[in-house]
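Peer 1: Submitted below is the structure of interest, expressed as structure tokens.
The numbers here are math on the coordinates, done by the rules we state, and not lab data. Just so it is clear, the model here is predicted, and its values are computed rather than measured. Don't worry about glycine lacking a Cβ; one is built from the backbone with ideal geometry, like all the others, and counts go over all protein chains shown.
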Amino acid sequence: MDIYLIRHTKTETVTGLCYGQTNVALADSFDDEARLIREKLPDLLPDCLIISSPLSRCVQLAHTFRKSVKLDDRLQEVNFGDWEKQRFDDIEPSLLKKWTENFVTESPPNGESFSDLCRRAGSFWDELLLKHPAEQVLLITHAGVIRALFAHVLQLPPANAFKIRVDVGSVHKLQHTNDYTYVHYINH
């Protein structure tokens, strides 16, 4: 099974805005960016399964491949809780510092930690491999989820997943065969 992890395209947001599970508009460059992503992928097989985060920035990209896509809440970005839609500069500095120094285990108020995201993404991954739904799978998701999936697949300490670069509009290919997952490329 060839599995492509695809990060959504650029958003039209204010720099420094917390928008993990908030729906935000995509940048005017969406059509061009979506075309570039499609060019990075092989031809889609007839049974290709496309699974997307339910957030609009991912669903819009998923629909450029096919109109019929599956949505899975486990592919949503980290939940910033009370910090959603706030600028990082406007968050109480001591709370922000506590979180940034311990983001793996520390949650924003009413949000989730990176470890929480890793458990959620890992649950999705394990179910995907168990069901083996298609020979080709596109996962349209977010940087945090892609890093969480790499942490799960590669058995990395969660903090080390942030050493993996995940650009906007990037494609990452994994292949699962004979009960083993290989990484073909990252951040293409």
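Peer 1: When only residues in the range 80-95 that are in contact (Cβ under 8 Å) with a residue 12 or more places away in the chain and in a loop (DSSP other than H, G, I, E, B) count, which is surrounded by the most Cβ atoms within 10 Å (Cβ to Cβ)?
Peer 2: Phe80
Peer 1: Right, next: Would you say Leu117 is surrounded by 18 or more Cβ atoms within 10 Å (Cβ to Cβ) and touching a Ser or Thr at 6+ places or on another chain (Cβ under 6 Å)?
Peer 2: The answer is no for Leu117.
Peer 1: Still on this structure: Answer yes or no: is there a residue in the range 141-164 that is of a type in the set (Lys, Arg) and surrounded by 20 or more Cβ atoms within 10 Å (Cβ to Cβ).
Peer 2: Among the residues of the range 141-164, at least one is of a type in the set (Lys, Arg) and surrounded by 20 or more Cβ atoms within 10 Å (Cβ to Cβ), which makes the answer yes.
Peer 1: Name every residue in the range 11-37 that is in contact (Cβ under 8 Å) with a residue 24 or more places away in the chain, surrounded by fewer than 15 Cβ atoms within 10 Å (Cβ to Cβ) and in a helix (DSSP H, G or I), in order of residue number.
Peer 2: Selection gives Leu36 alone.
Peer 1: Does the range 139-155 include one or more residues that are free of Cβ contacts under 8 Å to residues at least 12 places away in the same chain and either touching a Phe, Trp or Tyr at 6+ places or on another chain (Cβ under 8 Å) or more than 23 Å from Tyr4 (Cβ to Cβ) (or both)?
Peer 2: Scanning the range 139-155, I find no residue that is free of Cβ contacts under 8 Å to residues at least 12 places away in the same chain and either touching a Phe, Trp or Tyr at 6+ places or on another chain (Cβ under 8 Å) or more than 23 Å from Tyr4 (Cβ to Cβ) (or both), so the answer is no.
Peer 1: Is it fair to say Gly169 is assigned to a loop (DSSP other than H, G, I, E, B), within 27 Å of Glu33 (Cβ to Cβ) and touching a residue at least 12 places away in the same chain (Cβ under 8 Å)?
Peer 2: Yes, satisfied.
Peer 1: Sticking with this structure for a sec: Cβ-Cβ below 9 Å, separation at least six or inter-chain, first residue in the range 98-125 and on the phi > 0 side of the Ramachandran plot, second small (Gly, Ala, Ser) and surrounded by 15 or more Cβ atoms within 10 Å (Cβ to Cβ): which pairs?
Peer 2: Hits for this filter: Asn110/Gly81.
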